[in-house]
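Accompanying notes for the structure given below.
The values are calculated or read from the model by the stated rules, or taken from the named source; none is laboratory data. Keep in mind that this is a model prediction, so the values were computed, not measured. Cβ atoms come from the backbone with ideal geometry, glycine included; neighbour counts cover every protein chain shown. In case anyone asks, the SASA skips ligands and DNA or RNA and just uses the protein heavy atoms, side chains included. Shrake-Rupley method; radii C 1.70, N 1.55, O 1.52, S 1.80 Å.
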Amino acid sequence: MENGGYVGGTNPAGKKVIAELRGVSKRFGDVLAASELNLSIGEGEFLSFLGPSGCGKTTALRMLAGFEAPSEGDVLLDGEVVNTLDAHHRPVNMVFQQYALFPHMTVAQNIGYGLRQRRPRLPRAQIAEKVGKALDVVQLGGFESRRIWEMSGGQQQRVALARAIINEPKLLLLDEPMAALDRKLRKEMQIELQDLQRQLGITFVLVTHDQEEALSMSDRICIMRDGRIVQIGSPQQLYDRPNSRYVADFVGTSNFFDGKISDRSGELATVALDNGMSVQGKPGADLSVGQEVCISVRPEQMKLHHRHAGVDVEVHNRIFLGEHTEYLVSHETLGDFLVLSPRQSELAEGPFNVGDKATVTWEPSAALILDRN
Amino acid sequence: MTQRTRNWLLLAPAGTWFLVMLIVPLSVVFIFSFGERAPSGGVVPAFTFEQYANLPARWTAFKNTMTLAPVGTLSALVIAYPLAYFLAIKANPKWKTILLVLVIVPFWTSILIRSYAWIFLLGGRGIPALLDFVGIEGVRLINTPFAVLVGIIYGYLPLMVFPIFVSLDKLDKRLLEASSDLGAKPWRTFVQITLPLSIPGIATGCMLVFILLMGEYLIPALLGGGKVFFVGNALVDLFLQSRNWAYGSAVAVTLVVVMLITVTVYMRLISRLGASREDVSIM
Ligand SMILES: Nc1ncnc2c1ncn2[C@@H]1O[C@H](COP(=O)(O)OP(=O)(O)O)[C@@H](O)[C@H]1O
Ligand SMILES: [Mg+2]
């Protein structure tokens with residue numbers, strides 16, 4: 001598989017590519033909803049599209065499902081270009097954002113719908129048996145003849161899921177399936193979805209704007225912004241090696257300091273911060289001297305000291321989280337930032353109280369030099 | 001104010017209206033129907049079934065009404081459905097409103113004037129002349145049941161289009177996508193999703209058109225030329241021309257009874273069709 005121009009879009013080694021986007025763009029009138037998407041999805045993978053509302057996630061999904069044809073580029077399924085192939089011919093099923101369950105059918109009729117479209121027809125008994133199994137998978141046994149409006153939001157979501165997996169699709173698309181559920185139910189469903197994916201071995205493509213959801217469930221995450229893919233990688237890759245401030249900010253929490261690269265030799269580069277300080281950090285590949293950048297340091301990479309050389313700060317807020325304590329500290333010119341201090345070092349250093357003077361240090365290798373955008 | 005008084009107050013205007021404009025006149029007609037014709041026209045109070053015994057004399061009017069009303073309703077449905085479907089689902093949203101207005105525009109002119117246009121079109125110098133020109137001779141359209149049917153369909157089409165349009169327009173388009181996603185071909189999606197979910201609109205449209213058609217008299221009078229008689233025409237004749245109020249009342253009562261029976265049976269059928277659906281209950 002060629003990887004030229006892919007933003008980290010290399011398919012995980014050894015997996016058969018099941019779906020692919022090649023330079024795919026989609027225009028709605030003047031709106032460029034998706035721009036130059038390049039991505040290959042491996043068999044059995046759990047991939048997420050993550051990005052704020054309106055960044056083109058649903059559009060990307062709808063092109064895979066067959067509801068929209070790309071304006072440019074190619075959509076491939078199983079190695080074949082399917083740009084204009086109708087949805088009903090694709091081995092792909094979707095769980096819709098608001099489930100889109102058929103209101104005039106029972107739960108069992110909804111779930112069996114896909115099977116009833118098969119030609120030659122499947123025997124009734126076989127359909128009933130498969131529906132029964134699908135109901136068991138989503139733990140809704142006994143709800144066969146219920147009406148859709150008699151089901152709670154969480155139950156409806158399971159029905160939508162069962163309806164989508166009964167055809168054993170090559171690709172299961174899920175458009176913010178958990179958005180309408182309350183927090184507790186969402187957590188449960190996330191775990192269930194992951195179990196289900198392992199159990200069925202179906203490739204999942206999930207759309208979400210919830211970073212926690214994407215981080216906890218996905219093998220790979222595809223970060224989107226304004227219709228473009230910004231970075232693709234495993235949750236850990238994105239967290240440890242974001243390629244831009246946007247990604248560092250979207251995945252997890254980070255502290256950012258603006259500056260310019262003043263020197264670049266060897267592993268580390270030196271950045272002259274806008275406040276006059278000079279700090280070292282690990283540069284991203286294509287950054288050169290003189291370029292406007294920002295330094296990103298994760299709160300847990302920062303250490304707080306009582307008496308130690310470092311950045312002088314004042315403690316403004318302290319939140320005890322058990323294992324960790326989160327400090328909001330303030331520097332005269334750098335402004336406010338977050339420090340996450342593990343219990344261990346709290347015990348060694350002694351506690352910091354609001355109003356205390358302290359110093360902050362971090363390893364140069366923990367400071368990532370990133371593109372400002 | 002208690003909830004109860006408030007409810008009564010809310011119902012009062014409509015209730016009064018119904019009482020004065022519907023119940024009272026209907027009762028009067030009902031009483032008249034057992035009376036006798038006064039020599040000078042009007043009614044002499046009596047209690048006789050004579051008028052009802054005479055009903056078979058007007059059998060043709062009943063027969064015409066009871067065939068052309070359902071046939072007209074079904075024809076209007078067959079023509080209106082694709083139109084409503086196009087407007088609600090296929091038409092570019094930008095044009096939707098304009099196209100919808102075009103459907104209503106004919107309503108802005110009186111049905112009388114529009115029917116005169118049809119008199120010309122179906123008359124000797126209209127379509128038959130055109131057919132004559134291409135070699136099909138001797139076609140007579142005006143003053144036939146066909147002419148009345150054409151007029152009915154034309155006049156009542158918007159009334160059928162609207163409720164169907166509304167039910168199709170509020171149909172969640174993602175249901176159609178979901179159906180396609182699950183492997184249904186377009187035709188199967190229509191039969192399994194679109195059609196069942198537009199039943200409330202179909203039912204409302206048919207009901208409206210059918211009830212109004214049962215009382216129709218203008219279109220048959222103009223396009224049927226006295227040859228295709230509806231019960232409505234019989235009533236006009238009996239009350240206004242021959243001034244036989246008692247007999248007219250008996251015909252009117254019979255029409256109301258026939259209507260009530262048909263509508264009841266119809267509602268039964270519809271509610272069975274959508275037996276388990278909550279959204280048919282608008283009927
Ligand atoms: N059918 C459409 N017609 C016009 N604009 C659309 C259509 N679908 C999406 N868009 C626009 O494309 C952009 C991306 O939308 P979408 O893919 O739904 O974003 P997301 O799912 O990430 O919230 C938005 O600006 C949206 O307004
Ligand atoms: Mg969306």
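Structure values in brief
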read-out	value
Extended-chain gain in nm, criterion 0.36 nm per residue less alpha-carbon gap, residue B:146 and residue B:173	5.9 nm
Helix-only mean residue ellipticity at 222 nm for chain A, each DSSP H run of n ≥ 4 adding -39500 (n - 2.57), per residue, nearest 500	-7000 deg cm²/dmol
Sites excluded, GluC sites (Glu not before Pro) in DSSP loops with at most 10 other C-beta within 10 Å, longest stretch of chain A	A:3-266
At least 50 Å² of accessible area lost relative to the chain alone, listed for region B:162-197 with a 1.4 Å probe	B:174, B:175, B:177, B:181, B:182, B:188, B:192
Contact order normalised by residue count of chain B, Cα under 8 Å, 6+ apart, percent	29
Cross-link reach list, aspartates and glutamates versus residue B:185, counting only Cα pairs under 17 Å and skipping chain neighbours closer than eight places	A:68, A:86, B:177
Cross-link partners of residue B:227 among lysines (Cα-Cα below 26 Å; sequence separation of 8 or more within a chain)	B:63
In Å², nearest 10: area of residue A:330 left accessible to a 1.4 Å probe	30
1.4 Å probe accessible area per residue over region B:32-276, in Å²	50
Region A:303-346 and region A:17-47: distance between their alpha carbon centers, rounded to Å	42
Partner aspartates and glutamates for residue B:96 [C-alpha distance under 14 Å; skip if fewer than 8 residues away on the same chain]	B:169
Spread of Cα-to-Cα distances over 20 Å intervals beginning at zero, given as percent, for the protein assembly as shown	14, 31, 26, 18, 9, 2, 0
GNM flexibility winner over chain A from A:259, A:29, A:153 (Cα, springs under 10 Å)	A:29
Centroid-to-centroid separation of region A:208-248 and region B:110-154 [C-alpha atoms, Å]	70
Chain A - percent of accessible surface contributed by carbon and sulfur, probe 1.4 Å	47
Drop in accessible area of at least 50 Å² in the complex versus isolated chain, residues of region A:112-153, 1.4 Å probe	A:113, A:117, A:149
Within a Gaussian network of chain B (alpha carbon springs, distance under 10 Å), most fluctuating of B:115, B:179, B:249	B:179
Volume per residue that the Cα convex hull of chain B spans, once the total is divided by residue count, Å³	216
Ellipticity estimate at 222 nm from DSSP helix runs (n ≥ 4, -39,500 (n - 2.57)) divided over chain B, nearest 500	-20500 deg cm²/dmol
For residue B:88, net neighbour charge (Lys/Arg +1, Asp/Glu -1) across residues whose Cβ lies under 14 Å away	+2
For the pair B and A, total buried accessible area rounded to nearest 100 Å², probe 1.4 Å	2100
Nitroxide proxy distance, nm - points 7 Å out along Cα→Cβ at residue B:4 and residue A:136	5.7
Cα-based Lys proximity count in chain A, under 22 Å, for pairs eight or more positions apart or on separate chains	10
Distance from region A:73-129 to region A:131-183 (C-alpha centre basis), Å	14
Rounded to the nearest 10 Å², the accessible area of residue B:259 at probe 1.4 Å	40
